[in-house]
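What follows is calculated from the coordinates using simple rules that are stated; it is not laboratory data. Computed from a predicted model, the values in this text were never measured in an experiment. Cβ sites come from the backbone with ideal geometry, for glycine too, and all protein chains shown count toward neighbours.
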Amino acid sequence: MTDTSLSPVRSVPDRSTVLAAVRSAGRAPSLHNTQPWRWVFDGTRLHLYRDNDRLLTSADPLGRQLVISCGAMLHHVRTAFAAKGWHTDTTRLPDTGHPDYLAVVEFRPWPEPPIGVLARARAIDKRRTDRLPLYAPTGLSQLLHAGRMLVTPHDIELDLLHEDARAKLTAASDHTTAVRRYDMEYQAELHWWAGHSGDPEGVPRESLVSDAEFTRVGVGRNFPAAPHSARRGDLEDHARLLVLSSPSESVTTWLHTGEALSAVLLECTTAGLASCSMTHITEVPSVRKVIAGMLPHPGIPQVVIRVGSAPDDESETAPTPRRPLTDILTMPHD
C-alpha cells in the first residue's frame, strides 16, 4: 500500500530533532535496564550498534536478549521520529561482516503519520514495567487485534495463553529460579545490575518487589528482594500472559522480536493497561519447550508479557533511570 502523505524525496531531520527523538527513545525497555545500544548519526543516516560491554554473559551468553533490547530501542526511535514528522526506512543487519552493526535508518518527511503511531509515541514516556499484582486486563480482544496487526510485519506471532497456563508458567519460573540459585556468576551479574539506586542504568531498588509481593505474582524473574512491603496487598494477580514467538532463531529474528515487543508494550500503555515483559523465562531450554507446547501453532517462544490493569487510585511511579544521551549517541563534531 502506498502512503501518498510520504514525500519520495530523501531529507534529513535537524540536529535538535535527532537529539530529541533519540532521547525520548532511550526510554525503551532492556534486559536489567542495561541499555545495550549505541547510535551514530553521520549527518544523513542514523546507525544502530550493539554495545557488547553490556552483554550479560551468564544470563544471555548468545546475546539474544541484548539484540531484543536493541530491537525495542529501534522501534522506539522510529516511533519518536514519526511523531516529529519523519518516516524511517530501516535496513537491518546492513553489513554482515560487522555483526555489531544492527541497523541503519534513513529519513523521509512524513507530515501526517497515523493516529495510532502518534498515540504510541505519547506512550513512550508513560510506559512502566509493573512487577506487582494486577487486575485482569480490560479490552483484551481489542488489544490482541491491534497487537497482531503491529507484530505481523515483523514475522512474529502474538498469542494469548489460556488462563490455566499460569500454574504451569509459575512452576516453570520457579524451575528457572532453582536452576540459577547456585550459579554464582549469574547471581553476581544479577546483583550488579539490580537493587541499587542513583545509577543511570540497572533496575533500581525502588522498582523491585518484596518477597510477599512476588509470591502473589509467581511468574517473573527472581530479582534481589526489596524491603518488606505488601503493596496491593488485597490483590491476587489476574494478569493475562501473552507470548511473542518466531518461526526461526537468528539475529534478525531477535531484532524483529524487540521491535514487536516495543509495539505491543506501547499499545498496552495506550490502552491504559500495565505490562511487564519477561525474557528470563525463555533463557532455559526446557522451560522454552514447555511454553512452545502451549502455543496454538509451531513457534519458538521469545518473550512472555504480563498484561493487566493497575489500581486507578495509585500515584504514577517514577521512571527508571536512563544513561545520558552523550553515552549512547555520537553526532557529527561531537
What is the spin-label model distance, in nm, from residue 297 to residue 122 if the labels are put 7 Å beyond Cα along the C-beta direction? 3.2 nm
If you build a Gaussian network model of the chain, linking Cα atoms that sit under 10 Å apart, which residue out of 314, 201, 259 swings the most? 314
If you take the alpha carbon radius of gyration of the chain and divide it by 2.2 N^0.38 Å, what ratio comes out, to two decimals? 0.96
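With n ≥ 4 as the cut-off for DSSP H runs, can you work out [θ] at 222 nm for the chain, using -39500 (n - 2.57) per run divided by the number of residues, rounded to the nearest 500? Write out the running numbers ahead of the final one.
Details: 10 runs with 116 residues, N = 334.
Calculated mean residue ellipticity at 222 nm is -10500 deg cm²/dmol.
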Please compute the contact order of the chain in relative form: average sequence separation of alpha-carbon pairs under 8 Å and at least six residues apart, divided by the residue count, as a percent. 25 percent
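Can you put 37, 110 in order, fewest other beta carbons within 10 Å first? Write out the running numbers ahead of the final one.
Details: 37 29, 110 20.
Final ranking by Cβ density, sparse to dense: 110, 37.
Ranked by Cβ crowding within 10 angstrom, fewest neighbours first, how are 182, 49 ordered? Numbers along the way, then the final one.
Details: 182 8, 49 18.
Fewest-to-most ranking of 182, 49: 182, 49.
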Would you tally the net charge around residue 135, using a Cβ to Cβ cut-off of less than 13 Å, leaving residue 135 out, and scoring K and R as +1, D and E as -1? -3
Backbone N under 16 Å from the residue 215 label point (7 Å along Cα→Cβ), restricted to region 233-254: 233-237
Positive end of the charge dipole of the chain (Lys, Arg +1 and Asp, Glu -1 on Cβ, about the Cα centre): tell me which of 16, 271, 196 has its Cα farthest that way. 16
Largest fluctuation, 83, 188, 212 only, Gaussian network model of the chain with Cα springs under 10 angstrom, belongs to 188
Could I have the simple spin-label model distance between residue 164 and residue 93, label points 7 Å from Cα toward Cβ, reported in nm to one decimal? 3.9 nm
